[in-house]
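Shown next, in structure tokens, is the structure this report addresses.
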């Protein structure tokens, strides 16, 4: 493989490592665009980019958590991939089994959030 570079003072192995690291960054950004649904960044400042990515990551983690919990309550023949789960969430077009599973999970955590935790002394 040939690479054009003006970094003549570096060894070929170092340049290869730099390209490998760069490729890792490209793969990470592709994952962000595909999984976090961030096709473009709305802001240009460091803070704006951080806030947008943080919000998208929080949303992804919550959806993934809900998906994993729901999957265990739905029979195998009705299972769907995560991408379809996200689409159903956006369009609110659930199969009955998924709707019941999600309702059970959310009811459980709403109940747990209302419990009083005794104070320890």
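FYI, it's all coordinate maths here, none of it is from the lab. It should be emphasised that the depicted structure is a prediction, and the values quoted were computed from it without experimental measurement. Note: ideal-geometry Cβ built from the backbone for every residue, glycine included; neighbour counts use all protein chains shown.
Its relative contact order, with pairs defined as Cα atoms under 8 Å and 6+ residues apart, puts the range 36-114 at 26 percent. Against the chain, whose longest principal axis is taken from its Cα atoms, helix 96-114 shows a tilt of about 80°. Between helix 12-35 and the chain there is an angle of about 30 degrees, using the helix long axis and the longest principal axis of the Cα atoms. Taking the C-alpha atoms only, the angle from helix 46-71 to the longest principal axis of the chain is near 50 degrees.
Quick check: Cα centre of the range 1-73 to Cα centre of the range 105-120, how many Å? For the range 1-73 versus the range 105-120, the Cα centre distance is 36 Å. Estimated purely from DSSP H runs of n ≥ 4, each contributing -39500 (n - 2.57), the mean residue ellipticity at 222 nm for the chain is -22500 deg cm²/dmol once divided by its residues. Which of these values of Kirkwood radius over Cα pairs in Å was calculated from the structure shown: [x] 15.6; [y] 15.0; [z] 18.6? Correct label is [z].
Determine, for 98, 31, the number of other Cβ atoms within 10 Å of each Cβ, and report the residues in order from fewest to most. Please report the intermediate quantities before stating the final value.
Working: 98 22, 31 10.
Going from least to most buried by this count: 31, 98.
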